[in-house]
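Below is one structure, written out as structure tokens; comments come after it.
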Amino acid sequence: MPEQYADIIVDISHEKLDRPFQYRVPAALRDRLEPGMCVEVPFGNGNRRLKGYVLRVGTECAFDPARTKEILQIAEKDADATGKLVELAAWMRRQYGSTMIQALKTVLPAKRSVQKLSHKYVRILMNREELRSLLGESMRRKQTAKVRLLTALLEQSSEQELQPIPYAWIVGKLHVSASTVNSLVKAGAIQVLSTEEYRNPVRIAGGKAPERNRLSEDQQTIVDTVLADFDRGDKKCYLLHGITGSGKTEVYMALIEAVVERGYQAIVLIPEIALTYQTLMRFYGRFGDRVSVINSNLSAGEKYDQCERAKRGEIDVIIGPRSALFTPFARIGLIVMDEEHEGSYKSENAPKYHAREVAIRLAKLHGASVLFGSATPSLEAYAKAEQGEYQLFTLTKRLTGGTLPHVSVVDLRQELASGNRSIFSMRLQTLLADRLQKGQQSMLFLNRRGYAGFVSCRGCGYVMKCPHCDVSLSEHGNGRLMCHYCGYSAPKPKVCPSCGSKYILGFRAGTQQIEEKLRELFPTARILRMDRDTTRTKDSYTQILSAFANEEADVLIGTQMIVKGHDFPKVTLVGVLAADLSLSAGDFRSGERTFQLLTQAVGRAGRGSLPGEAVIQTYQPEHYAITYAAAQDYEGFYREELLYRELGGYPPAAHMLAVQVFSGEEQAGMQLAGRLAAQIDKSQVQVLGPAPATIGKLNDVYRTVLYVKSADYAKLIQVKDVLEAYAAAHAEEKEQVQFDFDPMNCI
């Protein structure tokens with residue numbers, strides 16, 4: 001048999017090792033070694049051993065075979081799950097543009113030292129006579145701490161059936177030091193035992209598990225169709241377009257239960273940490289301890305333990321944002337992506353992947369099915385369904401038998417003309433008073449955060465900006481101005497730095513001000529506020545949502561996190577206070593985002609047995625995104641928005657590649673971007689720019705961007721490959737080039 005050689009990437013904690021190293025495959029491993037396996041290899045001139053991942057196995061040696069070192073051994077037992085993740089990383093590196101190490105760091109658990117969770121116990125080894133003798137000796141020597149411990153041990157030894165004593169009780173309640181405990185261990189009086197367990201972030205506080213709803217005929221048809229395909233080995237991608245309240249989650253759970261019964265695991269992706277509480281409650285009621293969660297709020301130990309539990313087969317279902325895709329399951333059968341239209345599924349760090357595409361690739365590696373769900377599918381997903389790449393299902397009825405809420409659109413220009421200068425329109429004030437009187441709940445949504453949008457001079461128009469980022473500073477309640485990008489903070493000036501005017505004011509349109517104004521209007525109302533400022537602590541999401549679900553508040557005020565996926569049966573009114581703010585984003589997706597946001601927001605009302613109502617306040621009531629959202633007409637919006645995308649050559653009608661250049665010097669960054677643009681064959685693609693990014697400077701780094709358009713995604717990958725090679729050879733140390741395919745935000 002000819003010699004075999006393996007390309008191995010070693011130690012993903014070091015960026016400088018971002019290239020494969022070639023090793024000889026020993027004869028004992030030739031039939032066992034496969035791409036993705038973790039192995040131990042010698043590295044350097046000394047006796048250093050490193051772990052690495054096999055990228056490729058072949059018979060060609062790129063170096064002198066006599067000097068090529070040999071692989072030592074296979075390092076991990078979980079090669080199947082890890083191997084698929086390494087293969088996925090290689091695909092992501094090619095598809096999105098990044099270093100291999102960046103891709104591996106994305107898909108593999110972080111290599112960090114995590115202390116295992118352990119519980120210590122003390123077991124008594126001596127009989128009572130021996131303990132009394134030791135106690136007498138300790139009393140003579142006036143060893144007070146040892147006397148307390150031995151006295152407690154004698155009391156425990158009087159029990160007929162000795163139970164281990166918690167170590168924490170001994171050192172905490174008896175105030176005994178570890179050295180005192182160790183002295184009794186050396187004397188043979190006691191033994192200290194330790195048991196290890198995995199951290200479980202699933203904490204379900206009281207209450208009974210949610211009842212299992214019987215599936216409707218439409219829901220059952222979807223479940224039966226997907227399972228029939230699954231059982232005959234036809235693993236597809238599906239898109240479930242269901243109106244708000246139509247029971248998409250019930251379909252998810254029925255499918256997951258069936259897949260788990262067949263011996264597979266399931267991944268459930270959700271777009272926001274804030275959705276985890278209610279989602280987890282429903283899944284925990286169905287699957288118990290076999291379900292867990294991964295999100296950024298978990299400690300390093302909790303994240304590590306969930307990966308270990310997944311490897312050991314102790315959980316069947318994982319719930320979390322896009323990073324949950326990389327849970328090391330060995331047998332994935334189904335990947336569910338709820339609210340698939342959400343922008344948070346796109347990574348903003350290299351590799352800048354979209355979870356929708358990575359989920360499909362991961363499913364192919366495992367032979368799994370993929371189900372996307374949304375009340376407002378992304379144009380990309382719906383276009384693929386129309387083209388036959390996804391199988392489309394629709395749910396058009398609410399589970400409660402009720403109808404979608406009645407929606408009123410209020411023109412704020414007319415409100416101002418009639419003398420109403422309040423944040424709340426007269427229509428919304430009337431409906432809020434009515435709901436408070438009836439004991440029903442309301443939600444008020446604003447697509448902003450903080451206390452004020454920006455601060456400017458009324459005399460000359462000068463806007464207070466961050467000295468490190470090309471963005472305005474926001475005013476907070478403590479009288480300070482803050483940059484929400486880099487964290488820069490400064491006291492609010494008393495006079496304008498430009499003209500000296502004392503009229504320095506903030507355009508106040510934040511959730512905090514809405515709460516203050518609402519309390520002025522309705523002093524007895526119980527109000528909760530949910531935004532990034534009130535959800536900084538680990539359990540704050542759960543506390544706010546559970547309090548509102550338990551009807552401990554009449555009104556919930558918040559930003560986008562309150563309108564996505566939550567189900568509160570007593571909410572009969574939703575007020576959207578600034579519907580058109582997102583229309584001014586200067587982004588080709590602004591119309592789509594506004595439609596999705598408004599449709600999701602008004603869909604929170606009337607999800608129980610009571611009818612719902614929504615009020616959309618706007619300065620642009622005639623905009624098509626607002627009129628279609630008010631009518632809950634997805635098809636109408638899709639057709640009109642797709643026409644605009646086709647005219648402009650934007651996704652999904654065509655594809656875009658954003659080439660981002662980061663540099664410590666503005667001119668150097670622009671020059672590098674120009675040289676990159678010159679490398680592109682413009683007969684194959686359309687090139688826009690280069691130009692300064694929307695935020696031209698961030699953390700003292702200048703940002704330049706150029707866009708490449710093509711209907712053929714493969715051509716953009718070819719462009720990426722050419723530019724990636726050029727940047728590697730010609731970029732300076734302080735310059736960086738990144739690639740973003742079909743970007744979700746205007747860069």
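The values are calculated or read from the model by the stated rules, or taken from the named source; none is laboratory data. If you're wondering where the values come from, they're calculated on a predicted model, not measured in any experiment. Backbone-built Cβ (ideal geometry, glycine too); neighbour counts: all protein chains shown.
Residues checked against (1) at positive phi; (2) at pLDDT 85 or above; (3) assigned to a helix (DSSP H, G or I):
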residue	(1), (2), (3)
Ala6	no, yes, no
Asp31	no, no, no
Phe63	no, no, no
Asp80	no, no, yes
Gln95	no, yes, yes
Name the single residue, out of those in the stretch 50-75 being free of Cβ contacts under 8 Å to residues at least 40 places away in the same chain and surrounded by 15 or more Cβ atoms within 10 Å (Cβ to Cβ), that is nearest to the chain's Cα centre (by Cα). Ala75
Identify, from the list Leu371, Leu365, Leu379, the residue that is outside the structural domain of Gly591 (by TED's automatic domain parsing) and surrounded by fewer than 17 Cβ atoms within 10 Å (Cβ to Cβ). Leu365
Phe393 vs (1) buried (at least 21 other Cβ atoms within 10 Å of the Cβ); (2) in a helix (DSSP H, G or I): all pass except (2)
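Just give me the residues in the stretch 285-310 being of a type in the set (Lys, Arg) and under 19 Å from Ile256 (Cα atoms), in sequence order. Quick ask: steps written out before the conclusion?
Going through the stretch 285-310, the residues of a type in the set (Lys, Arg) turn out to be 286, 290, 303, 309.
Result: Arg286, Arg290, Arg309.
Before we move on, is Glu380 modelled with pLDDT of 95 or more, of a type in the set (Asp, Glu), over 18 Å from Asp580 (Cα atoms) and in a loop (DSSP other than H, G, I, E, B)? Spell out how you get there, then give the answer.
Numbers: modelled with pLDDT of 95 or more: yes; of a type in the set (Asp, Glu): yes; over 18 Å from Asp580 (Cα atoms): yes; in a loop (DSSP other than H, G, I, E, B): no.
Answer is no for this residue.
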Among the residues that make up the stretch 566-581, is at least one of them at pLDDT 85 or above, assigned to a helix (DSSP H, G or I) and of a type outside the set (D, E, K, R)? no
Looking across the stretch 248-271 at residues that are buried (at least 20 other Cβ atoms within 10 Å of the Cβ) and among the small types (Gly, Ala, Ser), the single one that is farthest from Ile315 (Cα to Cα) is Ala254
Can you find even one residue in the stretch 348-360 that is crowded, with 19+ Cβ neighbours inside 10 Å, more than 30 Å from Phe588 (Cβ to Cβ) and touching a residue at least 24 places away in the same chain (Cβ under 8 Å)? no
Taking helices (runs of 4 or more DSSP H) that fall entirely within the stretch 131-218, which contain at least 1 residues that are modelled with pLDDT under 80? 144-157, 167-173
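Criterion first (among the basic types (Lys, Arg), outside any loop (DSSP other than H, G, I, E, B) and closer than 25 Å to Asn297 by Cα) does Arg529 satisfy it? Step through it out loud before you land on a result.
Details: among the basic types (Lys, Arg): yes; outside any loop (DSSP other than H, G, I, E, B): yes; closer than 25 Å to Asn297 by Cα: yes.
Against the criterion (among the basic types (Lys, Arg), outside any loop (DSSP other than H, G, I, E, B) and closer than 25 Å to Asn297 by Cα), Arg529 qualifies.
Take the conditions among the basic types (Lys, Arg) and either in the same structural domain as Gln632 (by TED's automatic domain parsing) or touching a helix residue (DSSP H, G or I) at 6+ places or on another chain (Cβ under 7 Å) (or both) and apply them to Lys236. Does it pass?
yes
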Evaluate the stretch 543-551: report whether one residue or more is farther than 19 Å from Ala605 by Cβ, assigned to a helix (DSSP H, G or I), not hydrophobic (A, V, I, L, M, F, W, C) and not assigned by TED's automatic domain parsing to the domain that holds Thr279. yes
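Could you say which residue among Ala549, Ala509, Ala553 is surrounded by 18 or more Cβ atoms within 10 Å (Cβ to Cβ), out of contact with any strand residue (DSSP E or B) (no Cβ under 6 Å at 6 or more places or on another chain), at pLDDT 85 or above and of a type outside the set (S, T, N, Q)? Walk me through how you get there before you give the answer.
Details: Ala509 fails: at pLDDT 85 or above; Ala553 fails: out of contact with any strand residue (DSSP E or B) (no Cβ under 6 Å at 6 or more places or on another chain).
Sole residue among the options that is surrounded by 18 or more Cβ atoms within 10 Å (Cβ to Cβ), out of contact with any strand residue (DSSP E or B) (no Cβ under 6 Å at 6 or more places or on another chain), at pLDDT 85 or above and of a type outside the set (S, T, N, Q): Ala549.
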Selected residue (criterion: nearest to Ile243 (Cα to Cα)) from residues of the stretch 584-630 that are small (Gly, Ala, Ser) and buried (at least 24 other Cβ atoms within 10 Å of the Cβ): Gly603
Could you pull out the residue among Tyr23, Tyr121 that is aromatic (Phe, Trp, Tyr) and either within 22 Å of Lys352 (Cβ to Cβ) or modelled with pLDDT of 85 or more (or both)? Tyr23
Got at least one residue in the stretch 339-351 being within 19 Å of the chain's Cα centre (by Cα) and over 28 Å from Lys720 (Cα atoms)? yes
Exactly one condition in (1) more than 20 Å from Asp338 (Cβ to Cβ); (2) surrounded by 14 or more Cβ atoms within 10 Å (Cβ to Cβ) is not met by Thr400; state its number. (1)
Hey, does the stretch 526-545 have a residue that's at pLDDT 90 or above, hydroxyl-bearing (Ser, Thr, Tyr) and under 19 Å from Gln441 (Cβ atoms)? no
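Any residue at all in the stretch 39-47 that's in contact (Cβ under 8 Å) with a residue 40 or more places away in the chain and not in a strand (DSSP E or B)? Before you say what the answer is, go through the steps one by one.
Going residue by residue through the stretch 39-47, those that are in contact (Cβ under 8 Å) with a residue 40 or more places away in the chain are none.
There is no residue in the stretch 39-47 that is in contact (Cβ under 8 Å) with a residue 40 or more places away in the chain and not in a strand (DSSP E or B).
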When Arg290 is run through (1) over 20 Å from Thr535 (Cβ atoms); (2) free of Cβ contacts under 8 Å to residues at least 40 places away in the same chain; (3) under 20 Å from the mean Cα position of the chain (by Cα); (4) surrounded by fewer than 21 Cβ atoms within 10 Å (Cβ to Cβ), the failure sits at (3)
